[in-house]
Amino acid sequence: MLHLMRFPWSSMAGQFRSFQWDPILITAQIIAMVSFWYFSLGMWIFVLDVIGKFDLSVEQIFTQSDLGLYEDSGRTNIIAFAFNSLTVSFIMWSVVGRTKQCLDFTATVHVFHFIFCWIYFGYVPVTFWWWVTNIVCVALTTVTAEFLCMRSEMKAIPVGMGAKVDL
């Protein structure tokens, strides 16, 4: 009989940070993250190409042949991808804001990038440096975004109803 009773506090349990399936929100976040990822990557490639005096090309975003440590333009593109990972981490902190979802959104963005590269060139990226660059960028983005989100999630929640509570 006790298990059938409803306690007043039982309806409050699980309300803080509860997750409800919201496909519209998730779709909007995915679209936002993919858009921000490409915009940020384009900006980093543009800035580094201007500094390095390289030819600007949209192919640099989708290329697999111009990623590598053997040429200056390849190193510049790898640096652009690394800077983009850090930039997108801060954007993910704002758009997603949950530590548990950082890997999911990072992987989703990179899967879209893989598909777009496949469509753009007509074949699956096969070069060693393309895979290394993207795997390292997934790890860098995930770890940095999780760190930022975790710092926000771990902030103390003031419980007092009066003046500011010093913890």
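The values are calculated or read from the model by the stated rules, or taken from the named source; none is laboratory data. Quick caveat, the model's predicted, so the values are computed rather than measured. Cβ: placed from backbone, ideal geometry, glycine included. Neighbour counts: every protein chain shown. For the accessible areas, the whole protein counts, side chains as well, though only heavy atoms, and no ligand, DNA or RNA atoms are used. Shrake-Rupley method; radii C 1.70, N 1.55, O 1.52, S 1.80 Å.
For the stretch 104-116, how many residues are among the aromatic types (Phe, Trp, Tyr) and open to solvent by 70 Å² or more (accessible area, probe 1.4 Å)? Walk me through how you get there before you give the answer.
At the first step, the residues of the stretch 104-116 found to be among the aromatic types (Phe, Trp, Tyr) are 105, 112, 114, 116.
Retained after the next criterion (residues that are open to solvent by 70 Å² or more (accessible area, probe 1.4 Å)): 112, 116.
So the count comes out to 2.
Checking the condition at negative phi, touching a helix residue (DSSP H, G or I) at 6+ places or on another chain (Cβ under 8 Å) and not hydroxyl-bearing (Ser, Thr, Tyr), which residue from Ile79, Ile26 passes? Write out each step before concluding.
Values: Ile26 fails: touching a helix residue (DSSP H, G or I) at 6+ places or on another chain (Cβ under 8 Å).
Within the list Ile79, Ile26, the selection yields Ile79.
Report, by residue number, each residue of the stretch 88-133 that is in contact (Cβ under 8 Å) with a residue 24 or more places away in the chain, hydroxyl-bearing (Ser, Thr, Tyr) and either out of contact with any Asp or Glu (no Cβ under 7 Å at 6 or more places or on another chain) or under 13 Å from Tyr38 (Cα atoms) (or both).
Ser89, Thr106, Thr108, Tyr120, Thr127, Thr133
Which of the residues belonging to the stretch 117-128 are of a type outside the set (Val, Ile, Thr) and either at pLDDT 90 or above or open to solvent by 80 Å² or more (accessible area, probe 1.4 Å) (or both)?
Applying the first criterion (of a type outside the set (Val, Ile, Thr)) to the stretch 117-128 yields 117-118, 120-123, 125, 128.
If the condition is that a residue be of a type outside the set (Val, Ile, Thr) and either at pLDDT 90 or above or open to solvent by 80 Å² or more (accessible area, probe 1.4 Å) (or both), then Trp118, Tyr120, Tyr123, Phe128 are the ones that fit.
Output yes when any residue across the stretch 127-147 is farther than 17 Å from Thr87 by Cα and small (Gly, Ala, Ser), and no when none is.
So the first thing to find is which residues in the stretch 127-147 are farther than 17 Å from Thr87 by Cα, and the list is 127-132.
From the residues that got through so far, the ones that are small (Gly, Ala, Ser) too are none.
No, there is no match, as no residue in the stretch 127-147 is farther than 17 Å from Thr87 by Cα and small (Gly, Ala, Ser).
Taking Trp93 and the conditions (1) closer than 18 Å to Phe46 by Cα; (2) in a helix (DSSP H, G or I), which numbered condition does it fall short on, given that it satisfies the others?
(1)
How many residues are charged (D, E, K, R) and surrounded by 15 or more Cβ atoms within 10 Å (Cβ to Cβ) if we restrict to the stretch 51-103?
First pass over the stretch 51-103, keeping only residues charged (D, E, K, R): 53, 55, 59, 66, 71-72, 75, 98, 100.
Those still in the list that are surrounded by 15 or more Cβ atoms within 10 Å (Cβ to Cβ) too: 66, 75, 98.
Residues flagged as charged (D, E, K, R) and surrounded by 15 or more Cβ atoms within 10 Å (Cβ to Cβ) within the stretch 51-103 amount to 3.
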